[in-house]
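Asker: First the structure, then my questions, so here it is.
Nothing in this text is a laboratory measurement; each read-out follows from the coordinates by a stated rule. Everything numeric here is computed off the predicted structure, so don't read it as measured data. For neighbour counting, all protein chains shown are included, and Cβ atoms are generated from backbone atoms with ideal geometry for every residue, glycine included.
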Amino acid sequence: MATFTESTLSGSTSGKPVPVVATATLGTTLHTAGASGYDKVWLWASNVTAIAATLTIEWGGATDPGEHMVKAFSIPPNSLPIPIASGQIIRDSLLVTAFSGTASAINVSGYVIAVR
């Protein structure tokens with residue numbers, strides 16, 4: 001029988017938002033999937049600066065466009081958290097990474113439900 005465990009993103013410290021500091025691929029690590037079973041991932045992004053910033057989410061790799069969940073999505077300035085991923089699945093120790101056109105402008109928060 002499968003077990004379900006809810007947890008923070010592996011790239012987060014104690015559940016705090018992850019600042020996207022990378023400005024190119026391979027982006028800032030948001031989450032590393034488990035080696036067995038699969039992870040369902042929820043992500044929200046907010047822009048903490050006074051100018052719009054773009055966000056790219058790499059899902060399991062950096063190949064454009066096949067492994068981009070979101071590419072150069074514009075996040076408005078001083079935004080509330082915007083939903084980016086709503087339970088999409090990743091597995092096999094693959095990475096979810098992010099980069100922005102402006103370093104440290106975007107924070108990503110979220111959680112994971114691991115199914116083992």
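Asker: Right, Gly27: touching a residue at least 24 places away in the same chain (Cβ under 8 Å) and on the phi > 0 side of the Ramachandran plot or not?
Answerer: Working: touching a residue at least 24 places away in the same chain (Cβ under 8 Å): yes; on the phi > 0 side of the Ramachandran plot: no.
Spelling it out, it is not the case that Gly27 is touching a residue at least 24 places away in the same chain (Cβ under 8 Å) and on the phi > 0 side of the Ramachandran plot.
Asker: Just name the residue that is farthest from Phe4 (Cα to Cα) out of those in the stretch 80-116 that are buried (at least 16 other Cβ atoms within 10 Å of the Cβ) and among the hydroxyl-bearing types (Ser, Thr, Tyr).
Answerer: Thr102
Asker: I need the full set of residues from the stretch 66-116 which are closer than 20 Å to Thr13 by Cα and part of a loop (DSSP other than H, G, I, E, B), in order please.
Answerer: Pro81, Ser93, Leu94, Ala103, Ser104, Ala105
Asker: Next up: Please enumerate the residues belonging to the stretch 57-116 that are within 13 Å of Thr25 (Cβ to Cβ), in contact (Cβ under 8 Å) with a residue 40 or more places away in the chain and acidic (Asp, Glu).
Answerer: Hit for the stretch 57-116 is Glu58, nothing else.
Asker: For the stretch 13-45, which residues satisfy the criterion of being of a type in the set (Ser, Thr, Tyr) and crowded, with 19+ Cβ neighbours inside 10 Å?
Answerer: Thr28
Asker: Considering only residues of the stretch 46-71 that are of a type in the set (Gly, Ala, Ser) and within 15 Å of Ser104 (Cα to Cα), which is surrounded by the fewest Cβ atoms within 10 Å (Cβ to Cβ)? Outline the logic, then answer.
Answerer: In the first step, residues of the stretch 46-71 are kept if they are of a type in the set (Gly, Ala, Ser); the result is 46, 50, 52-53, 60-62, 66.
When the remaining residues are screened for being within 15 Å of Ser104 (Cα to Cα), the result is 46, 50, 52-53.
Working: Ser46: 17, Ala50: 8, Ala52: 15, Ala53: 22.
Only one residue tops the list, namely Ala50.
Asker: In the stretch 10-45, which residues are within 17 Å of Met69 (Cβ to Cβ), assigned to a strand (DSSP E or B) and not aliphatic (A, V, I, L, M)?
Answerer: Result: Thr28, Thr29, His31, Thr32, Tyr38, Asp39, Lys40, Trp42, Trp44.
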